[in-house]
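J.: Here it is, the structure, as structure tokens.
Values in this text are rule-based calculations from the coordinates and carry no lab data. Note that the structure is predicted; figures quoted are calculated from it, not measured. Every residue, glycine as well, gets a Cβ built from its backbone with ideal geometry; the counts of neighbours run over all protein chains shown.
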Amino acid sequence: MAIAVEFVNVNKRFPSANYNALEHVNLSIEEGEFITILGTSGCGKTTLLKMINRIFEPDSGEIRLFGSSIKDMDPVRLRRGIGYVIQQIGLFPHMTIYNNIATVPKILGWEKKRIDDRIEELFDLVNLEAKEFKFRYPAQLSGGQQQRIGLARALAGDPAVMLFDEPFGAIDAINRENLQDELLKIHEKSKKTFLFVTHDINEAFKLGTRVLIMDRGKVKQFDSPGEITAHPADEFVEALIRTAGKNYILSDRGGI
């Protein structure tokens, strides 16, 4: 299996910070993996994610995408080839749902039929009826429906890598669980590489084929949920696992 994303001794410190946002980060993510990135606020998880699409640049070290250094890539072209989903969703309020999803394919110069076919496919993927939703506007959708459309838009250009920055953080518990289940199905169908930032251990262990646990810019452990549960790397990881409390039950996927 190809290496989709690789960090080689990456360091990053922001001005006036007391410690590095990332410190000597080395990791490899294989194509098709679902990686969840877990840690407390300020641990570096969002910084790590935003370095992959060059929103932040490392102070030292190298980040590679499918073997090529991203510093040699045009940032705009790089971002067009990476899906990005955030908590705020960021749908264009003046555009129909169809046009929101079609944004990147249009930029990429796709023909209309290809765009239409892709949009139909994506509505099916996120479990929404195209006829019912494609000519609505974002304000006419619920928060959960908007998040599904945000996901569809991020997938529209058929990116090999998808980045998720706490996308379900503002969603109520029932819809959040439903969206997690849908995302697992989408990952299984798409076979794409997913990196998903969360501060919720239950979410991280439910979704991730592997979980990247961070603290103060350092990788504390990077392994399957089952392996982390059985063999926590240190006291920090042990304490994190304990926060799951009575809800801590291993699933078939190896998560909570």
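J.: List, in order, the whole-Hz ³J(HN,Hα) value for each residue of segment 190-206 obtained from phi through the Karplus relation with A = 6.51, B = -1.76, C = 1.60 and θ = phi - 60°; use x for Gly and Pro.
T.: Result, ordered by residue: 7, 6, 7, 8, 10, 10, 10, 8, 8, 9, 9, 5, 4, 5, 4, 7, 6 Hz.
J.: Among residues other than Ala21 whose Cβ falls under 11 Å from its Cβ, what is the net charge (Lys/Arg +1, Asp/Glu -1)?
T.: Numbers: positive: Lys12, Arg13, Lys45, Lys50, Arg216, Lys218; negative: Glu23, Asp59.
Taking every other residue near Ala21 into account, the sum is +4.
J.: Oh, and also: Per residue, what volume in Å³ does the convex hull of the Cα atoms of the chain enclose?
T.: Residue-normalised Cα hull volume stands at 137 Å³.
J.: I would also like to ask the following. Step through the residues of segment 61-77 one at a time and calculate ³J(HN,Hα) from phi using the Karplus curve (6.51 cos²θ - 1.76 cosθ + 1.60, θ = phi - 60°), rounding each to whole Hz and writing x for Gly and Pro.
T.: Using θ = phi - 60°, the values come out as x, 9, 10, 10, 10, 6, x, 9, 5, 6, 5, 8, 9, 5, x, 5, 5 Hz.
J.: Also, quick follow-up: What does the helix-only formula give at 222 nm for the chain: each DSSP H stretch with n ≥ 4 adding -39500 (n - 2.57), the total divided by the residues, and the result rounded to the nearest 500 deg cm²/dmol? Intermediate values should be presented prior to the final figure.
T.: Numbers: 11 runs with 94 residues, N = 256.
Calculated from helices alone, the mean residue ellipticity at 222 nm is -10000 deg cm²/dmol.
J.: Long-range amide H contacts for Val85: which residues qualify at under 5 Å (H placed 1.01 Å from N, peptide plane, sequence gap of 5 or more or a different chain)?
T.: Excluding prolines and chain starts, which carry no amide H, the hits are Leu163, Phe164, Asp165.
J.: Here's a follow-up. For the modelled label position 7 Å from the Cα of Asp59 along Cα-to-Cβ, which residues of segment 187-223 have backbone nitrogen atoms closer than 15 Å?
T.: 216-218
J.: Can you give me the three principal axis dimensions of segment 36-113 from its C-alpha atoms, in Å, biggest first?
T.: Largest to smallest, the principal-axis extents are 42, 30, 19 Å.
J.: Quote the FRET efficiency, to the nearest 0.05, computed for Ala139 versus Gln88 with a Förster distance R0 of 22 Å and r equal to the Cβ-Cβ distance. Could the numbers behind the result be given before it?
T.: Details: r = 15 Å, r/R0 = 0.66.
Efficiency for this residue pair is about 0.90.
J.: Can you give the extra length, in nm with one decimal, that the chain gains between Lys191 and Lys112 once fully stretched, where that is 0.36 nm per residue apart less the Cα-Cα distance?
T.: Residue separation times 0.36 nm, minus the Cα-Cα distance, leaves 25.9 nm.
J.: Looking at the chain, send over the antiparallel percent of its DSSP beta bridges, to the nearest 5.
T.: Taking every DSSP beta bridge within the chain, about 50 percent pair in antiparallel fashion.
J.: Check which residues have an amide H placed less than 5 Å from Val5's amide H, if you skip close sequence neighbours.
T.: So Val5 has HN proximity to Ile29, Phe66.
J.: Applying 1/(1 + (r/R0)^6) with R0 = 22 Å to the Cβ-Cβ distance of Leu184 and Ser224, what FRET efficiency is obtained, to the nearest 0.05?
T.: 0.90
J.: FRET efficiency for Lys71 and Glu132, Cβ-Cβ distance as r, R0 = 41 Å, nearest 0.05? Numbers along the way, then the final one.
T.: On the way: r = 44 Å, r/R0 = 1.08.
Approximately 0.40, to the nearest 0.05.
J.: What does the charge add up to near Asp215, with Lys and Arg as +1, Asp and Glu as -1, over the other residues with Cβ less than 11 Å from its Cβ?
T.: Surrounding charge for Asp215 is +1.
J.: Which of the three applies to segment 91-158, rounded, prolate or oblate, going by the alpha-carbon gyration tensor with a ≥ b ≥ c and a/c under 1.5 meaning rounded?
T.: Values: a/c = 1.72, a/b = 1.44, b/c = 1.19.
Verdict is prolate for segment 91-158.
J.: Separate question: Run the numbers on the chain and let me know its relative contact order in percent, using alpha-carbon pairs under 8 Å that are six or more apart. Don't jump to the answer; show the numbers that get you there.
T.: Values: 468 pairs, mean separation 66.7, N = 256.
It comes to 26 percent, rounded to a whole number.
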